[in-house]
Amino acid sequence: MKLQAIENIALDNSQRFSLLRRREHFWIFKLRTLVPSGLNELVETALKTCKMSIDKKQMFILGLTVVCIFVVSFTIHQKSAQPLKLDYMQVKKCITSWGAASTTTESSSKTSTIYLQIKQIMTLINQTIPNVDFTDLNKTTSAKHSTATIVDYKPTYCVGEDITVRVDMYNYLGEKKTYGGDFLRARIFSPNLAAGASGKIEDFKNGTYNVYFTLFWEGVMQISILMMHPSEGVSALWNSRNKGYKYIAYTGIFLNRSQEVQTECGFFFYSHKEKCEYLDTKYGESFYCIRPPGVACEAFIFLKSRNTPYTDLTNVQKKLFTRSNIRAEISKQVKTVNVSHCTRPSGHVTAKCQTGLYPPFPSGYFLQNQWFPIYCNLSNFEPLIHMDKYLAGKRIYLMGDSTIRQWIEYFTKVKKSLKYFDNHGTGWHKTHLAIDSTNNLQIQWKKHGHPFVTQSFFNMKDHSYITNEIDQIGGGAYTIIVISVGQHFRPFPLDLFIRRVLNIRKAIENLFLRSPDTKVIIKSENTREINTDVERFSDFHGYVQYLLVKDIFKGLNVGVIDAWDMATAYGSYNVHPPETVIKNQINLFLSYIS
């Protein structure tokens, strides 16, 4: 009652400041004396944050810190009699979400909006991916015991027909699976015709799947249905991925006068040591380094990464990812189908390939090593034939990972007038710039911002996120931006990737407001090798990201290069697919900009 009476009095500035200071001391006392002793680092971080500004909003956040800590602590304590281990990220999310809801500034409103979007997307994915626990490997999905059967099989089919393959999954004991979630990949192909196409998979959530193929060409077609991971493996990968940032460790180099000093960097630290924060305030992206003693944060010059020995998989779960359980072929009752060129009504005429079209899945097929999209009209390699005409006068910005760097390597190989300009950088990850002065053409590749995963040091002096790069481009009819992200995000919690893609979409929307005639192309990520560290780099992680990219950019006036579909149809298992695939990606790209 006394406190309420005081609050009702019209206080002058000095009195108001004194009251706020007393409130702060009250919360600090509560925070320091009531929380478990093991939470000192989190406590001091909260106090440091809130002491930066004495106002009601900061007091509110400080109070919420106490609430969050006790809610999480109580929950964990109830679940286990072991010593208390606080999930810092859970508390951080709790504080972030509540704090954002209490803020009225434009910046905080954007942060709150994107946080809610991420939360909604993660909730939807969690509802889709199976949450499976097991102790007996014999109860997990076995590709060898599973079967694939063509529904309503016929001796001969016609070009353009669809066929359905029913897949029934069994465990090693020969028992029918009662739940879905297995990570499958389906393809039809004719090796002698250099032809291939992906299959669309429907999961009935009961151990049965339908795979739908369209018969695009004439000849004998083989069917391949692979179990990349059993549902139990999918569940293990999904749960382990989103538990933190421990799979990749970063080493930074700072310059202390003329001497280089190494330190630890990353997205999150439990350490109470002083940190350098590299924050993009506009888009909410952040990265940290432990500050070397006596060295300025601005002296950050190089960065590299390494795979840590960390694993979240149990010994039983690890057995799911032995070579025999990855990319295992499911046995088929009929291994081939015969397709003839019957007389059939002609289909609808597709429009020219252009931005704004949303490709279905599958989006096309290979025949004689040429990619034919089914949603737009692309006549063989006609765009490549007219490459000089389509590229003349253009400013092309390739942004992303090394799979889009393959494009500038292809351009400079086939277009002899296009020469690299020496930017004085080092390593494959330096910015690549190629110029054709005769045709007034400029092509640039630049790596995307954190996380960039490589074991060799790269220069931080020109580091920037794709969103910042887009914001710096004026745009216009002669400006083309191609974006490809994904591979380097696989070892990190998915919310990091979702935030980045949502931010890139926002940057593109802003670009279109000032320059609606700018062409933007999105290249999805590729499939990759199966002998790479599965826990960090599995194609399952990539497939989730691939679906997200297609969904998040839907509705924008952008062109889409479905590299995942192309790689699957071609049968590529290389993060850097062969030149045939790159050539077809660029042919479709040229069609978009012609």
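Here is how the numbers come out for the structure above:
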read-out: Matching residues, segment 179-234, being within 20 Å of GLN317 (Cβ to Cβ) and either open to solvent by less than 10 Å² (accessible area, probe 1.4 Å) or not in a strand (DSSP E or B) (or both); value: TYR179, GLY180, GLY181, ASP182, MET227, MET228, HIS229, PRO230, SER231, GLU232, GLY233, VAL234
read-out: Residues of segment 356-377 satisfying the condition of being in contact with a Cys (Cβ under 7 Å, 6 or more places away or on another chain) and either buried (at least 23 other Cβ atoms within 10 Å of the Cβ) or not in a loop (DSSP other than H, G, I, E, B) (or both); value: PRO373, ASN377
read-out: Residues of segment 351-391 satisfying the condition of being out of contact with any Leu (no Cβ under 9 Å at 6 or more places or on another chain) and among the hydroxyl-bearing types (Ser, Thr, Tyr); value: TYR358, SER363, TYR365, SER379
read-out: Contacts under 8 angstrom Cβ, first residue in segment 499-520 being within 12 Å of THR479 (Cβ to Cβ), partner open to solvent by 50 Å² or more (accessible area, probe 1.4 Å) and among the small types (Gly, Ala, Ser), 6 or more apart; value: ARG514/GLY474; SER515/GLY474; ASP517/ALA477; THR518/ALA477
read-out: Subset of segment 298-319 that is aliphatic (A, V, I, L, M) and part of a strand (DSSP E or B) - its residue that is most open to solvent (accessible area, probe 1.4 Å); value: ILE301
read-out: ASN526 open to solvent by 10 Å² or more (accessible area, probe 1.4 Å), not β-branched (Val, Ile, Thr) and not in a helix (DSSP H, G or I); value: no
read-out: Selection within segment 392-431 - assigned to a helix (DSSP H, G or I) and in contact with a strand residue (DSSP E or B) (Cβ under 7 Å, 6 or more places away or on another chain); value: THR403, ILE404, ARG405, TRP407, ILE408, PHE411, THR412
read-out: Check on VAL295, open to solvent by less than 50 Å² (accessible area, probe 1.4 Å) and closer than 30 Å to LYS144 by Cβ; value: no
read-out: Residue tally, condition open to solvent by less than 70 Å² (accessible area, probe 1.4 Å) and either of a type in the set (A, V, I, L, M) or more than 28 Å from TYR543 (Cα to Cα) (or both), over segment 157-178; value: 8
read-out: Residues of segment 252-306 satisfying the condition of being among the basic types (Lys, Arg) and farther than 25 Å from LEU502 by Cα; value: ARG257, LYS273, LYS275, ARG291, LYS304, ARG306
read-out: Qualifying residue in segment 320-329 (condition: farther than 30 Å from ASN531 by Cβ, without any contact (Cβ under 8 Å) to a residue 40 or more places away in the chain and not in a strand (DSSP E or B)); value: no
read-out: Members of segment 247-276 found to be closer than 17 Å to VAL453 by Cα and either at pLDDT 95 or above or assigned to a helix (DSSP H, G or I) (or both), listed by number; value: TYR247, ILE248, ALA249, TYR250, THR251, GLY252, ILE253, THR263, GLU264, CYS265, GLY266, PHE267
read-out: Complete set of residues in segment 570-589 that are under 17 Å from VAL414 (Cα atoms) and of a type in the set (Ser, Thr, Tyr); value: THR580
read-out: Selection count, segment 220-262, where residues are of a type in the set (D, E, K, R) and in contact with a Leu (Cβ under 7 Å, 6 or more places away or on another chain); value: 2
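This table checks each residue for (1) within 20 Å of GLY542 (Cβ to Cβ); (2) at pLDDT 95 or above; (3) open to solvent by 20 Å² or more (accessible area, probe 1.4 Å).
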position: ASN459; (1), (2), (3): no, no, yes
position: GLU469; (1), (2), (3): no, yes, yes
position: GLN472; (1), (2), (3): no, yes, yes
position: ILE481; (1), (2), (3): no, yes, no
position: PRO493; (1), (2), (3): yes, yes, no
position: PHE497; (1), (2), (3): yes, yes, no
position: LEU502; (1), (2), (3): yes, yes, yes
position: ASP517; (1), (2), (3): no, yes, yes
position: ILE521; (1), (2), (3): yes, yes, no
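The values are calculated or read from the model by the stated rules, or taken from the named source; none is laboratory data. Values in this document were obtained by computation on a predicted structure and should not be read as measured data. Heads up, the Cβs are rebuilt from the backbone with ideal geometry, glycines too, and the neighbour counts pull from every protein chain shown. Protein only, heavy atoms only, side chains kept; ligands, DNA and RNA dropped before computing areas. Shrake-Rupley method; radii C 1.70, N 1.55, O 1.52, S 1.80 Å.
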